[in-house]
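Each remark here refers to the structure printed beneath this line.
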Ligand code: ATP
């Protein structure tokens, strides 16, 4: 592809995608060009056509090269590959460019019916997009017990929380909620909450509040106007962002940005909608709003506001609404796009006036960050054992095996509840047991590994273990939780 680059223009990778993708991309491209944005498009392929060529990732190498160059992409929805592989080109792109931050603004729209009369709803959900259960580190520990690791890191939490506060500053917003389940998952969700409290101190101009995620879901329905920005972990964010978009009229209106250290991808939340593809009836609003976010990301504030105003004006007028909103009276994708273009330069009543600034994110090193502690001690080990024995028999057997070793069996839990020494819990046990061994007399070692290996040797031939976890203390703080009922 030989092209002459106009230095006054910013290059953007444009991926039309599948289903309704090409129609909504074409609509958005026309509007962005008509608004006078200084953008040069590099059209590239991903999705169904790439899978059809036999490329497993669903993303053409030229597309990856282009994004490496432009650092910004506007993409249509991409099909997930049919068949057993089930590869998603969307996921390939997000993972490849480590877009850790998913930003989903949720704004009430004029003349768009919403279940809770959401016209003045104006919320942004900022979701961590890499870690948590989505790291998808999963194992079948026994044929009947599956385990998924919930990974939350200080580095990952700090990046997303800083992004939320910087986004608040860039849009002149005043309140950031952090939604977690820290009351139950004290170490994982708790780490996210602690990092939030630390980072919030650097932003005294913005109010910071923590909220338990289930309460957040409830309040989003009851009092959505109490929220401004919500920052949250991956799984919580998945649910809260979909819930929030339902507050304001659904999929046709939900834009998103996927922000990485170096690359940003902008896309509508909706999928390929094959049922309406190629019929000129798709609503391009979600992608147009994604492009508005993209233009602000690129510092093209003026065309971004022109487009936003023209779009809101078109909805306010109500003469050219798409069919998902207006039913049979509705107009097609092209006619809606023409109306928005015709309204460029008009001011919408319902468009919130904000002073937009660029988001300022500190550079992040891709090197691993070693979080230092001044004191580290190893006090025990959890050994996960597969066994069909009765609780009592398993406990006695493990106590017998510990005799003459530095270890004492402190307790056994089953699915998080202590069952040995016997308690009154009516646990319905499965064949995966977490057996907690601690060093006798509360001892702590700098390196308990030789003793752990000796313990595993003793267990060998008697019990089948499938997983171990050291019990560590960092600067005197236990790096593990207690089982339900454990003293
Ligand atoms: P995918 O498998 O790619 O996720 P999907 O059809 O299962 O696609 P969505 O595209 O997210 O899921 O949407 C579900 C339905 O919502 C669509 O079938 C379509 O009827 C409607 N819809 C989605 N996006 C739009 C849009 N932009 N305009 C109008 N209707 C839409």
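Bear in mind these aren't lab numbers, they're just calculated from the coordinates by the rules spelled out. Because the structure is predicted, anything quoted here is derived from the model rather than measured. Every residue, glycine as well, gets a Cβ built from its backbone with ideal geometry; the counts of neighbours run over all protein chains shown.
Numbers for the structure displayed
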| quantity | calculated |
| --- | --- |
| Label-point separation in nm, residue 145 to residue 49, each point 7 Å along Cα→Cβ | 5.1 nm |
| Region 122-246, relative contact order [Cα under 8 Å, separation at least 6], % | 39 percent |
| By average C-beta atoms within 10 angstrom, highest first, the peptides 131-143, 47-59, 299-311 | 299-311, 47-59, 131-143 |
| Inter-label distance, nm, simple model (7 Å from Cα along the C-beta direction), residue 116/residue 365 | 4.4 nm |
| Extension gain from residue 38 to residue 155, taking 0.36 nm per residue of separation minus the Cα-Cα distance | 38.6 nm |
| Normalised contact order of region 376-478, rounded percent, pairs of Cα under 8 Å and 6 or more residues apart | 49 percent |
| More than 22 angstrom apart: percent of Cα pairs within region 234-383 | 54 percent |
| q = 0.13 Å⁻¹: log10 I(q)/I(0) that the Debye formula gives for region 186-316, counting C-alpha atoms only | -0.74 |
| Linear extension gain, residue 475 paired with residue 425, 0.36 nm per residue minus alpha-carbon span | 14.6 nm |
| Kirkwood-type radius of region 122-246, with distances r between different C-alpha atoms, in Å | 14.9 Å |
| Antiparallel content of DSSP bridges confined to the chain, in %, to 5 | 65 percent |
| Sites residue 390 and residue 95 - FRET efficiency at Förster radius 60 Å, r taken between beta-carbons, to 0.05 | 0.85 |
| Three-way shape call for region 413-457 based on the alpha-carbon gyration tensor, with the a/c threshold at 1.5 | prolate |
| Overall form of region 164-233 per C-alpha gyration tensor (a/c, 1.5; a/b vs b/c) | oblate |
| Compactness of region 376-478, expressed as Rg and Dmax over alpha-carbon positions, Å | 13.3, 38 |
| Rounded to 10°, Cα long-axis angle of helix 213-222 versus longest principal axis of the chain | 30 degrees |
| Relative contact order (%) - criterion: Cα under 8 Å, at least six apart; region: the chain | 16 percent |
| Length gained when the stretch residue 212-residue 174 is fully extended (0.36 nm per residue, less Cα-Cα span) | 11.7 nm |
| Spin-label pair residue 138/residue 349, simplified geometry with 7 Å Cα→Cβ offset, distance in nm | 5.0 nm |
| For the chain, calculated [θ]222 nm from helices alone, where every DSSP H run of n ≥ 4 adds -39500 (n - 2.57) | -10000 deg cm²/dmol |
| Cβ-based exposure ranking for 63, 405, in which fewest neighbours within 10 Å come first | 405, 63 |
| Cα point-scatterer Debye curve for the chain, base-10 log of I(q)/I(0) at q = 0.11 Å⁻¹ | -0.96 |
